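Participant: The structure is given below, and queries will be raised subsequently.
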Amino acid sequence: MLRFQNEKYRSATPADLTIPIRFEVRAIIAIFTLLGIFFSSWVARLPVVKSDLSVNISQIGLLLFCMAAGTVGGLLVARKVQSSLGAQRGLAWTILISSLFIFALGAATLWANVILVCIVLFFYGASLSCTDVLMNVEGARIERSLKRTFLPLLHAFYSFGNVIGAGIGWFVGVQHISVFAHFVIIAALGILIAILAVPALNTPHSLTVTPLTLDQHFSAPTPLKRDYSLWMIAMLILFMAFAEGAGNDWIALATHEGHERPEADAALVYGAFVGAMMVGRLLGGPFVDLVGRASALLALTIVGLAGIALFIFSSDVFTLFMSAAMWGLGVSLGFPLGISAAANHPTDSARRVGLVSVFGYASMLSGPPILGLFAHSWGILAGLWLPALSLFLSLIFIPAVGNRRKRQDTAEPEETPAS
């Protein structure tokens, strides 16, 4: 039975930051990892789903669009869920609902019902994005309790979950286990995390950390529309997020369809992509501190561009793995460094981060389905020149992340909401 605590939040004392916080840290790590598994489990089985549903590349793009639309819907209702239930109860419900819908997704695939798959994907995307917002709220609260940087590590565990999901996808592919049976196992894992991990989060009901809407950005006292450096950062995130989303959604299918490799190889190549992203996020902090944001991003973008081109022209499995890893490493820090640059303001960081996040999520979620339409006409490998072009265009805007605003000693930095 789930037990929840909604006591009023108070500042943590040294006595508080012992066993309870340790349990909370483990719980939130488990939740971030689970969300990574949820997402990559679907992506890793895309080649089999395509075969089971007997659909073409453009129809796969439609499926991805349904999930993207649901994801946007989940972002819109997350604030209501948080204010009504609190982050802890909300997380329990959204994880359980995600588990239900991945089970339903497996069943819809088993029945080869494309319309039902579209409907389920919409609600599955909504439940995942709502979980994403709530777990970042919790991560931000725990970070404040720990009084040290913690969120980047949590996002690395999300990437670690992607790697685990890809590994499971490879194993079930080798064993010829059906998508339905695979997703039943993932659903059971989600229920287990909801029962065991979520109750460890001692969350206040009233805590709310949510991004502002686009209307609120432009009606704010200081208009962001005249902050040209911020718009450059937003464009950088737009192009970088497109390349990241394209890799996440299409690299497994491109390996299977474009390079005609077995499904198991496709899952492993996807694992190389998300594994490299995880490594980039784990080691990116020291690298950025050493060379600076703009220089680090420039170097990684060039690596990502080379990786996409190499992936398109690959002729053997080793080159596929290496190019996928280069692609993943190249896009690993684009979104986080863009957010960091936007937040570098003494009093207006929250609105700035919220605005650029709109561009990032819109590109990451809606871009890959658009790529599917082009891939249907040109071929899936030729379609990958779109994310390559997107990375190339991002080079124009990289200098914006190196323009740090001078902080005033008298200004109190505003807390940045998790995105």
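The values are calculated or read from the model by the stated rules, or taken from the named source; none is laboratory data. Keep in mind that what you see is a predicted model, and the values were worked out from it rather than measured. Note that each Cβ is placed from the backbone with ideal geometry, even for glycine, and that neighbours are counted across all protein chains shown. Side chains are part of the model used for accessible areas, which takes the heavy atoms of the whole protein and leaves out ligands, DNA and RNA. Shrake-Rupley method; radii C 1.70, N 1.55, O 1.52, S 1.80 Å.
Participant: Counting heavy atoms of the protein chains only and a 1.4 Å probe, report the per residue accessible area for segment 75-114 as a whole number of Å².
Facilitator: 47 Å²
Participant: If you don't mind, there's one more thing I want to ask. For residue 126, what is the net charge nearby, where nearby means another residue's Cβ is under 14 Å from its Cβ and Lys, Arg count +1, Asp, Glu -1?
Facilitator: Working: positive: 79, 80; negative: 132.
Taking every other residue near residue 126 into account, the sum is +1.
Participant: Ignoring any ligand, DNA or RNA, what whole percent of the accessible area of segment 87-166 comes from carbon and sulfur when the probe is 1.4 angstrom?
Facilitator: The C+S portion of the solvent-accessible surface of segment 87-166 is 77 percent.
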